[in-house]
Amino acid sequence: MKVKKCAFTGHRPQSLPFGFNESDERCIALKQTLRAEIIRLIEQEGVTHFISGMALGVDIYAAEIVLGLKSNYEGITLESAIPCESQAEKWTEEQRDRYFDIASKCDKETLIQHHYTPDCMHKRNRYMVDQADFIIAVWDGRPSGTGKTVQYAQRQGKPVTIINPKTMSVD
């Protein structure tokens, strides 16, 4: 039986309405909506494998939600898709600690390339879409890397669930 996979794409904190403030009620609501969509894919579509690009913001939130659901849903797995080895080197110590904690709990790690190049994030995003059967995107509709990933997924015929971080609408 084919393993059904879901990849995540979404904005960095500075592009979200609440920025880096995860105690903001809008961030809490976004995480609840994201969690509900992940559960929907597990229960209704049989998705068992999730792929996070491990960037700050939505990727990290989604990875932590999947890890938290492992105790409720036996057999779900998390893959980290790392664009380059230096992805987290300019982050704060707290952000790096969180990143490495998540990475240590992933079932699979895919390193796209060793060294940073201007297109390594793009390559990571294409890899995730190419691997996935479903995409969950946290996207406000504006031109961005997330938008390009959504458009690529749609061109590939992948079902994309879009959560608008400003309105919390789910399309």
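Every number in this text was worked out from the coordinates using simple rules, so none of it is lab data. Please read all numbers here as calculations on a predicted model, not as lab measurements. Neighbour counts run over all protein chains shown; Cβ positions are idealised from the backbone, glycine included.
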Residue pairs, Cβ under 6 Å, 6 or more apart or interchain, first in region 78-106 and within 21 Å of Cys6 (Cβ to Cβ), second charged (D, E, K, R) and not in a loop (DSSP other than H, G, I, E, B). List them. Glu79/Lys108; Ser80/Glu109; Ala81/Arg124; Pro83/Arg124
Every pair of residues 6+ apart whose Cβ atoms lie under 7 Å, when the first sits in region 29-47 and is of a type in the set (Lys, Arg) while the second is part of a helix (DSSP H, G or I): Lys31/Tyr61; Lys31/Ile65; Arg35/Ile65
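Picking from Ile65, Ile102, Ile76, which residue would you name as being under 22 Å from Ile42 (Cα atoms), of a type in the set (A, V, I, L, M, F, W, C) and out of contact with any Lys or Arg (no Cβ under 9 Å at 6 or more places or on another chain)?
Details: Ile65 fails: out of contact with any Lys or Arg (no Cβ under 9 Å at 6 or more places or on another chain); Ile76 fails: out of contact with any Lys or Arg (no Cβ under 9 Å at 6 or more places or on another chain).
Being under 22 Å from Ile42 (Cα atoms), of a type in the set (A, V, I, L, M, F, W, C) and out of contact with any Lys or Arg (no Cβ under 9 Å at 6 or more places or on another chain) holds for just one of Ile65, Ile102, Ile76, which is Ile102.
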Got at least one residue in region 154-168 being over 17 Å from Ile42 (Cα atoms), within 15 Å of the chain's Cα centre (by Cα) and part of a loop (DSSP other than H, G, I, E, B)? yes
Output for region 13-28, where each listed residue is without any contact (Cβ under 8 Å) to a residue 40 or more places away in the chain and either crowded, with 18+ Cβ neighbours inside 10 Å or within 12 Å of the chain's Cα centre (by Cα) (or both): Cys27
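With the requirement that a residue be farther than 24 Å from Asn21 by Cβ and either surrounded by fewer than 20 Cβ atoms within 10 Å (Cβ to Cβ) or touching a helix residue (DSSP H, G or I) at 6+ places or on another chain (Cβ under 7 Å) (or both), what does region 122-145 give you?
Taking region 122-145 first, the residues farther than 24 Å from Asn21 by Cβ are 122-135, 143.
Result: His122, Lys123, Asn125, Arg126, Tyr127, Val129, Asp130, Gln131, Asp133, Phe134, Ile135, Pro143.
Condition (residue is among the basic types (Lys, Arg) and touching a Leu at 6+ places or on another chain (Cβ under 7 Å)) applied to region 97-113: is it met by at least one residue?
As a first pass, look at region 97-113 and keep what is among the basic types (Lys, Arg): 98, 105, 108.
Next, only the ones that are touching a Leu at 6+ places or on another chain (Cβ under 7 Å) stay: 105.
Within region 97-113, one or more residues are among the basic types (Lys, Arg) and touching a Leu at 6+ places or on another chain (Cβ under 7 Å).
Here is a list: Ile163, Ile135. Which entry is of a type outside the set (Ser, Thr, Tyr), touching a residue at least 40 places away in the same chain (Cβ under 8 Å) and more than 16 Å from Gly57 (Cα to Cα)?
Values: Ile163 fails: more than 16 Å from Gly57 (Cα to Cα).
Result: Ile135 is the single residue among Ile163, Ile135 that is of a type outside the set (Ser, Thr, Tyr), touching a residue at least 40 places away in the same chain (Cβ under 8 Å) and more than 16 Å from Gly57 (Cα to Cα).
Here's the yes/no breakdown for (1) under 20 Å from Ala137 (Cβ atoms); (2) in contact with a Gly (Cβ under 9 Å, 6 or more places away or on another chain); (3) charged (D, E, K, R):
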position	(1), (2), (3)
Asn21	no, no, no
Ile38	yes, no, no
Tyr61	yes, yes, no
Ala88	no, no, no
Ile102	yes, no, no
Cys106	no, no, no
Glu109	no, no, yes
Just a yes or no: is a residue in region 75-86 surrounded by fewer than 16 Cβ atoms within 10 Å (Cβ to Cβ), closer than 19 Å to Asp133 by Cβ and polar (S, T, N, Q)? yes
Hits in region 106-129 - residues which are touching a strand residue (DSSP E or B) at 6+ places or on another chain (Cβ under 8 Å) and either over 24 Å from Lys158 (Cα atoms) or in a loop (DSSP other than H, G, I, E, B) (or both): Cys106, Asp107, Ile112
Quick check on region 146-171: of everything there that is more than 19 Å from Ser52 (Cβ to Cβ) and of a type in the set (Lys, Arg), which residue is surrounded by the most Cβ atoms within 10 Å (Cβ to Cβ)? Lys166
Of the conditions (1) touching a His at 6+ places or on another chain (Cβ under 9 Å); (2) without any contact (Cβ under 8 Å) to a residue 40 or more places away in the chain; (3) under 22 Å from Phe134 (Cα atoms), Glu109 fails just one. Which one is it? (1)
